[in-house]
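Read through the structure below, which is laid out as structure tokens, and then see the notes.
The values are calculated or read from the model by the stated rules, or taken from the named source; none is laboratory data. On a predicted model such as this, the values are computed, not experimentally measured, just so you know. Neighbour counts are summed over all protein chains in view; Cβ atoms, including those assigned to glycine, are modelled from backbone coordinates with ideal geometry. All accessible areas refer to the heavy atoms of the entire protein, side chains included, with ligands and DNA or RNA removed. Shrake-Rupley method; radii C 1.70, N 1.55, O 1.52, S 1.80 Å.
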Amino acid sequence: MTRPGTATDPLRVAIVGAGPAGFFLAEKLLGQTAVTVQVDLYERLPTPYGLVRFGVAPDHEKIKNVTRSFDKVAARPGFRFFGNVDVGCHVTLDDLRRHYHQVCFSTGAQTDRRMGIPGEDLARSHPATEFVAWYNGHPDYRDLHFDLSVERVAVVGVGNVAVDVARMLCRTPEELATTDVADYALEALCASRVKEVYLLGRRGPVQAAFTPPEAKELGELAGSDVRTLAEELELDPLSRAELESADGPAARRKLEILEEYSRRPPAHKPRLLTLRFLVSPTELLPDERGGVRAMRLVRNRLVAGTGGGTRAEPTGQFEELPVGLVFRSVGYRGVALPGVPFDETAGTVPNERGRVMDPAAGRPVTGVYVAGWIKRGPSGVIGTNKPDAAETAETMLADLAAGARLEPAEPSAEAAEAQVRRARPAVISFTDWRKLDRLETERGRALGRPRLKFTSVEEMLDSLGARV
Ligand code: NAP
């Protein structure tokens, strides 16, 4: 049996999920010279880039420049994009096994973690992930409604997503108008009556998950004051020890920023953002119509965690925070893939350096791999996916060299494309996407915005001359 990987018999790889991990993996595979590779990148939506398009906050335009390097990957020989194709629905894993030697899932973490407290599902309590997808124009979330007629909002969690959400709630119409926020979200946010936003951390300021630049940005909002409470910034012995650790410098920088916020005199801007620490919601309290009226909070103290680090322990001291809208920003969570093992506790696919493992059988699932958040969990910034994907690429090439791969019945680019077109005539190519991209940019330019996004699949297909 000859080994694929030559010009006449290329290694055929299907990558499922066109976010950063998928592109970084394609870049690594197509960029090496030892083996000739063909990559087909499948994506459920017509648009590529995953969380760069639907996760990165609209006011963080520069972060989105990473798509330029993804476009270079897409221009490489051997690369194809099959957008608007749902693997698991239009095409199954078994279908892919017919045409590829290797399949890698880079589907991210598509849902949210829960707080597990009473009242979590009251009206006006939402996962932050849905709000983020909504304001970024994700077609699956564009029809959601968030009641911005309330005056006080709580965002639970102090990670970078929570900070993004708080910032978007506090931005002025003028600040939002220069971003690529979805048009319906721009309208809703401009009409918002929100006056106070609370960011709630269950541990102390030293343990806050947000990064120093994001903390600093909160102090530079045109229409919102920011404050912290000095008594919540006082350090206990565990936090002082943490400041001396390897992560100490970043934590110290964050602490300095937060301390400055506690001393800052109010500028009496229209909105006020308050960062609280060492508090956990224990219950969301309803009003007479079943919507959130308030949040019951317990004060915490820090104790040493069993596996190192620290954890929050409730003190039994409670308070009630009157808020009419709650965003739970306590982390994303992976979703199981049909036909692929899944670790329900971790919300990830069990793997060894990207090689999917079947825990029941105690051996690898031949030819199936993972990269990005579905591999390691929802952590790190966009760039973290580069070494992560490189590790998976190394594993894939090592397995190929060792002869561990699928044996597709029809390992040809033409057969794979024919199958996709049969199952999903409205497949979107990268050329189609470039056209949508140009249209969005032109529509945006007319309004002084970086782009005006298409937010429904129908709109996108119509703009391409509808081929459904
Ligand atoms: P994250 O960084 O893991 O933060 C989750 C937050 O939720 C933490 O503050 C965590 O507190 C808290 N939390 C978890 N369970 C909780 C509970 N039951 N009650 C109260 N609080 C709870 O996750 P994320 O904010 O969703 O971000 C995901 C990843 O994307 C991160 O790596 C982030 O840096 C990245 N990201 C980056 C940017 C950027 O670079 N600008 C923007 C957005 C996202 P504990 O620490 O106590 O667990």
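Among the residues of region 100-124, those identified as away from the ligand (no atom under 16 Å from the Cβ) and either hydroxyl-bearing (Ser, Thr, Tyr) or open to solvent by less than 30 Å² (accessible area, probe 1.4 Å) (or both) are 100, 101, 102, 103, 104, 105.
Pick out the one residue from 349, 323, 370, 303 that is exposed (fewer than 13 other Cβ atoms within 10 Å of the Cβ), of a type in the set (A, V, I, L, M) and touching a residue at least 40 places away in the same chain (Cβ under 8 Å).
Details: 349 fails: exposed (fewer than 13 other Cβ atoms within 10 Å of the Cβ); 323 fails: exposed (fewer than 13 other Cβ atoms within 10 Å of the Cβ); 370 fails: exposed (fewer than 13 other Cβ atoms within 10 Å of the Cβ).
Every option except 303 fails the conditions.
Just to verify a result, which residue in region 306-320, among those that are under 19 Å from residue 154 (Cβ atoms) and within 15 Å of the ligand (Cβ to nearest atom), is most open to solvent (accessible area, probe 1.4 Å)? I'd like the intermediate steps shown before the answer.
Step one: of region 306-320, the residues under 19 Å from residue 154 (Cβ atoms) are 312, 314, 317-320.
Imposing the further condition that a residue be within 15 Å of the ligand (Cβ to nearest atom) reduces the set to 312, 314.
Numbers: 312: 29, 314: 79 Å².
Going through the qualifying residues, I end up with 314.
Pick out the one residue from 22, 83 that is open to solvent by less than 10 Å² (accessible area, probe 1.4 Å), under 20 Å from the mean Cα position of the chain (by Cα), within 16 Å of residue 433 (Cα to Cα) and more than 16 Å from the ligand (Cβ to nearest atom). Give the steps one after another, and end with the answer.
Details: 22 fails: within 16 Å of residue 433 (Cα to Cα).
It is 83.
Of all the listed residues (326, 370, 381), the sole one being under 25 Å from the mean Cα position of the chain (by Cα) and over 22 Å from residue 165 (Cβ atoms) is 370. When residue 157 is tested against (1) away from the ligand (no atom under 16 Å from the Cβ); (2) on the phi > 0 side of the Ramachandran plot, only condition (1) is not met. Looking across region 60-80 at every residue that is surrounded by 15 or more Cβ atoms within 10 Å (Cβ to Cβ), hydrophobic (A, V, I, L, M, F, W, C) and more than 16 Å from the ligand (Cβ to nearest atom), the one that is farthest from residue 132 (Cα to Cα) is identified as 79. Here residue 175 meets the list (1) over 22 Å from residue 64 (Cβ atoms); (2) away from the ligand (no atom under 16 Å from the Cβ); (3) among the charged types (D, E, K, R) almost entirely, failing just condition (1). Has region 57-71 got at least one residue that is in contact with a Lys or Arg (Cβ under 8 Å, 6 or more places away or on another chain) and part of a strand (DSSP E or B)? Scanning region 57-71, I find no residue that is in contact with a Lys or Arg (Cβ under 8 Å, 6 or more places away or on another chain) and part of a strand (DSSP E or B), so the answer is no.
Listed here are the residues, each with its yes/no results for (1) within 16 Å of the ligand (Cβ to nearest atom); (2) open to solvent by 10 Å² or more (accessible area, probe 1.4 Å); (3) under 22 Å from the mean Cα position of the chain (by Cα); (4) of a type in the set (Ser, Thr, Tyr).
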position	(1), (2), (3), (4)
98	no, yes, no, no
126	yes, yes, yes, no
161	yes, yes, yes, no
182	no, no, yes, no
190	no, yes, no, no
194	no, no, no, no
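Among the residues making up region 377-434, those that are basic (Lys, Arg) and more than 16 Å from the ligand (Cβ to nearest atom) are 405, 421, 422, 424, 434. Just so you know, in region 242-300 the residues that are hydroxyl-bearing (Ser, Thr, Tyr) and out of contact with any Ser or Thr (no Cβ under 7 Å at 6 or more places or on another chain) include one that is least open to solvent (accessible area, probe 1.4 Å), and it is 274. Find all pairs meeting these conditions: Cβ atoms under 8 angstrom apart; at least six residues apart or on different chains; first residue within region 239-256 and more than 20 Å from residue 312 (Cβ to Cβ); second residue surrounded by 14 or more Cβ atoms within 10 Å (Cβ to Cβ) and among the β-branched types (Val, Ile, Thr). Note: pairs meeting the criteria are 250/211. Considering region 419-450 alone, what residues qualify as being over 30 Å from residue 98 (Cβ atoms), open to solvent by 50 Å² or more (accessible area, probe 1.4 Å) and not hydrophobic (A, V, I, L, M, F, W, C)? Selection gives 435, 438, 442, 443, 445, 448.
How about region 215-232: which of its residues are within 16 Å of the ligand (Cβ to nearest atom) and open to solvent by less than 30 Å² (accessible area, probe 1.4 Å)? Give the steps one after another, and end with the answer.
Just the residues of region 215-232 that are within 16 Å of the ligand (Cβ to nearest atom), to begin with: 215-221, 228, 232.
Scanning region 215-232 gives 215, 218, 219, 221, 228, 232.
Each residue in region 385-400 was checked for being closer than 20 Å to residue 343 by Cβ and open to solvent by 40 Å² or more (accessible area, probe 1.4 Å), and 1 pass.
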